[in-house]
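Here's the structure we're looking at; comments come further down.
The values are calculated or read from the model by the stated rules, or taken from the named source; none is laboratory data. Because the structure is a prediction, the values reported are computed rather than measured. A quick note on method: Cβ atoms are made from the backbone with ideal geometry, for glycine too, and the neighbour counts reach across all protein chains shown. Ligands, DNA and RNA are excluded from the accessible area calculation, which covers all protein heavy atoms including side chains. Shrake-Rupley method; radii C 1.70, N 1.55, O 1.52, S 1.80 Å.
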Amino acid sequence: MRTIARFSIQRRWLVIALWIVFIVGAQLISSAAGGAEYKQTFTLPHTQSQTVLDLLKQANQQGQTGQSGFIVVDAKTGKLSETDAPAGLQAALEAECGTSHHVDNVGSPWFAFNCKDGKAVPVAAAGGAAKATGHNPLLATDDSVAIVNIQWQGNQNDANNFIGVHDDIKKQDSSTIDYEFTGGAFANLAAQQKGFPPELLGFIVALFILAFVFKALWPTLLPLVSAAAALGGGTALIGLLSHAMNVADFTTQLSQLMVIGVGVDYALFIVTRHRRNLLRGMSVSDSIVTAIDTSGRAVLFAGITVCIAILGLCALGVSFMYGVAIGTAISVALTMVASLTLLPALLSFIGVKALPRRLRASVLDGSHVESLTPTRWARWAETVQKRKVTFGIAAALIIAVLAIPFFSLRLGQADQSTDPAGSTTRKGYDLITSAPGFGKGYNSILELVISGPSANSTDYLKSITTDLGKVGNVNPDSIRTAPLNKNLVLINFKSISSPQDTATTSLVKTLRGKFSSLHEQGTSNKIYVFGQTAIIVDFTHVLASKMPLFFVAVIGLSFLLLMVAFRSLVVPLTAAIMNIFAAGASFGIVVAIFQWGWFSDSLGAGAGGPIDAFLPVLFFAILFGLSMDYQVFLVSRMHEEWVHSKDNHRAIRVGQTETGGIISAAAVIMIAVFCGFLLGDSRIVKVIGIGLGGAIAIDAFILRTVLVPALMHGLGNSNWFFPKWLDRATPHLSVEPADDDEPEKDLVTV
């Protein structure tokens, strides 16, 4: 580490030039490659959903695999015609075939068409086959509301496709007709960022907090410059990565928020150590090198731990997570490198301007004397030591109470009933739900997919549709048959319950069990259950089956890294347990608000619903990484003091005293960044904001400042227990510099 620090100081112009060349070069290459090509595609191997997707692809029916949504036609006055579409609607929708919005097909009570070669090719309208039932299934029985189904081409999941259609059709609003948009595809409308971007909010909050902590201009700006450099390079590399593999479109925003958080954390830790060294009489160069050789080592280990946690998402076996994990890990790694190279180079330029103006003269002439008055953190550290049992039990009880809702966690996918009341997706959902003849189930998309040599047999299909109508929770009036070819047939139907209801999930499982087995007997046909709810059931199952491997990979690798770094078994074990506690408490908060519905209306999150299946693993990966940051910062300073004093209580007090302010400041920045997510309309974004913001608050202000020190005081010297045989068997990668390192020459004149 000293070598890196020396090089960054002695060749500071070169280091800065290399970073500029890297950022500009990466951006130019990414731009030349056409910018980012985000893709939301993913596979669910060994599931019915994936089998159906493969069958549809083989039958050249990829249009059946694309995103779908509902345009809800609301007659503000009078009634809708059963034969004629509202003026301008058909022309506007047919025009979408000639746009870049990748629309595949449209079905309505009045017309239906497929998009081919940029033109609309008419097909039989959805209502034509339903006349025998007495009423069009896409038209409310009182003719007040109609549903237009719109489907996009397979794997065309760019939000601009859905936004474009919304913007074009919304122009058709009139004094008598309103158009609202709901369903899976249009859920992306709520995800669009409005108002203040969280990234910008993060930078502004970081600026104010750093100014408050450092009370000097340059040390306030340098952490942000370091983070900005990592952002500049990271976004370009993610754009290039998107050409090589599937990268979800939220990867860039997630990586930006991670970079702001960890970048400020890392720089704050290093700069604080540098300033402390200056106040103790070190020259600028000695101070920088020592800061990198001590705090920089902690940053290195913390950064590696964050990358391990994020890359653990690859262990889930869900392909769309791979790009998210690798892209975010690249950005975090760049942040770590910037903190260890660019930051010391910049610090060497500002000299003692890293200190407040009132202290510079006394430091330069050697007359500065450190205050012997205990700081607030020193007094708090002593209080925790004296009352470790009381404080430890109180902190543990708070965590336990917050975690109680977690045990009722229900994974799934929330429907549009959980969207804000004023959003078009919620209004469209409510119109469908309340219109006579529709109900909650009309917001669901469910299909039986029959594959086999007799799939198109009239008697066979009649038997299936008749029995399907008798299954509990199936709306018999919604059943429609759609042959795709002689060996493949779709049977579309609606549930009576809403898409997010547990009864709908149970219906999928029932149809996949006894129902399918009964109608497959004596035939060569296979019956699969497909559709939005079925895909979520499969997605949840895949994630649940891989979660043990994910947790073992993330916790196990982090445990090994910290064990080697701190030469202790208890410290990494404590860290892992504390991180699990923080995750449980934060999940508890999320369940209470977004599943149980506590305070959800005041947050603009709509009614309660299930938690999206991918969120817990994403939470845990991010939270585990950030929590390990704080643990490494805290314990590395404790371990450094332990190595020199062999006094456990002193080591814990010193570590808490010197890192408590840093951890708190970094945590406030992260909390502000994640709480900025509440400014958006998307429920998922709000869940992420509350979940991660709450987790950071719990971690920084309960775990690291109370429970961890109290526990370590109680464990005594056992904290640093490390068997001799294990010490010999493991490599020595110390977070602290060797005791016999020579003092550095002054490389920069103050």
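For segment 79-103 and segment 481-532, write down the distance between their C-alpha centroids in whole Å.
Going from one Cα centre to the other spans 30 Å.
For the chain, just list the percent of Cα-Cα distances falling in each 20 Å bin from zero outward, please.
Answer for the chain: a P(r) of 16, 43, 27, 13, 1 percent.
Based on the Cβ-Cβ distance from S718 to S100, what FRET efficiency comes out when R0 is 51 Å, to the nearest 0.05?
0.20
Full extension from N485 to F349: what is 0.36 nm times the residue separation minus their Cα-Cα distance, to one decimal in nm?
Values: separation 136, 0.36 × 136 = 48.96 nm, distance 7.23 nm.
Contour length minus Cα-Cα distance gives 41.7 nm.
For K440, give me every one of the aspartates and glutamates with a C-alpha distance below 18 angstrom, ignoring sequence neighbours fewer than eight places off in its own chain.
Qualifying aspartates and glutamates at Cα under 18 Å: D74, D142, D143, E180, D415, D419, D430, D477, D501.
Nothing charged except the Cβ atoms of Lys and Arg (+1) and of Asp and Glu (-1): what's the magnitude of the dipole of segment 461-583 about its Cα centre? Round to the nearest 20 debye.
Computed charge dipole of segment 461-583: roughly 220 debye.
Let me cross-check D727: its accessible surface, 1.4 Å probe, with only protein heavy atoms counted, in Å² to the nearest 10?
The value for D727 is about 50 Å².
Return the loop-located trypsin sites (Lys or Arg not before Pro) in segment 639-689 (DSSP other than H, G, I, E, B) with at most 15 other Cβ atoms within 10 Å of their own Cβ; answer none if there are none.
K646
Restricting to bridges with both residues inside the chain, how much of the DSSP beta-bridge set is antiparallel, in percent to the nearest 5?
Bridges in the chain are about 95 percent antiparallel.
Determine the shape class of segment 304-393: with a ≥ b ≥ c the square roots of the Cα gyration tensor eigenvalues, call it rounded for a/c under 1.5, and otherwise prolate if a/b is greater than b/c, oblate otherwise.
It comes out oblate by the Cα gyration axes.
Given the Cα-Cα distance of K119 and L397 and 0.36 nm per residue of separation, how much length would full extension add, in nm?
93.7 nm
If one computes the Cα centroid of segment 431-452 and of segment 329-361, what distance in Å separates the two points?
58
Report the Cys residues of the chain lacking a disulfide-compatible partner, meaning no second Cys Cβ under 4.7 Å from their Cβ.
C307, C314, C675
Quick one: net charge of K119's neighbours, Cβ under 15 Å, K/R +1, D/E -1?
-3
How far is it, in nm, from the label point at T510 to the one at N155 when both lie 7 Å from their Cα along the line to the Cβ?
A separation of 3.7 nm, rounded to one decimal place.
What are the lysines whose alpha-carbon lies under 20 Å from the alpha-carbon of K215, with same-chain residues fewer than 8 places away excluded?
Output for K215: K353.
Determine, from the Cβ-Cβ distance of D54 and V225 and an R0 of 51 Å, the FRET efficiency 1/(1 + (r/R0)^6), rounded to the nearest 0.05.
The calculated FRET efficiency here is 0.55.
Running Debye on segment 1-61 with equal point scatterers at the Cα sites and no solvent, what base-10 log of I(q)/I(0) appears at q = 0.18, 0.26, 0.27, 0.29 Å⁻¹?
Normalising to I(0) and taking log10 leaves -0.79, -1.00, -1.04, -1.11.
Going down the table (K76/K427; K57/K119; K116/K526), which pairs top 20 Å between alpha carbons?
K57/K119; K116/K526
Over the Cα atoms of segment 322-469, what is the Rg over Rh ratio if Rh follows Kirkwood?
Across segment 322-469, the Cα-based Rg/Rh ratio is 1.29.
Counting only protein heavy atoms, what percent of the accessible surface of segment 538-600 is carbon or sulfur at a 1.4 Å probe?
That share works out to 86 percent.
Provide L397, L300 ordered by accessible surface of protein heavy atoms (probe 1.4 Å), highest first.
If we order L397, L300 from most to least accessible, we get L397, L300.
Got a number for carbon plus sulfur as a percent of segment 170-295's accessible area, 1.4 Å probe? Write down the numbers at each step before the final one.
On the way: 2660 of 3960 Å².
Ligands and nucleic acids excluded, carbon and sulfur reach 67 percent.
Report the calculated FRET efficiency for L726 and R650 (r = Cβ-Cβ distance, R0 = 22 Å), to the nearest 0.05.
According to the calculation, E is roughly 0.30.
What percent does the relative contact order of the chain come to when contacts are Cα pairs within less than 8 Å and at least six residues apart?
Rounded, it is 18 percent for the chain.
Which value, in Å² and to the nearest 10, is the accessible area of W218 when all protein chains are kept and the probe is 1.4 Å?
Accessible area of W218: about 110 Å².
Skip the ligands, DNA and RNA, and give the accessible area per residue of the chain with a 1.4 Å probe, whole Å².
Here the residues of the chain average 40 Å² of exposed surface.
Name the lysines eligible as straight-distance cross-link partners of K386: C-alpha to C-alpha under 23 Å, and not fewer than 8 places from it in the same chain.
K646
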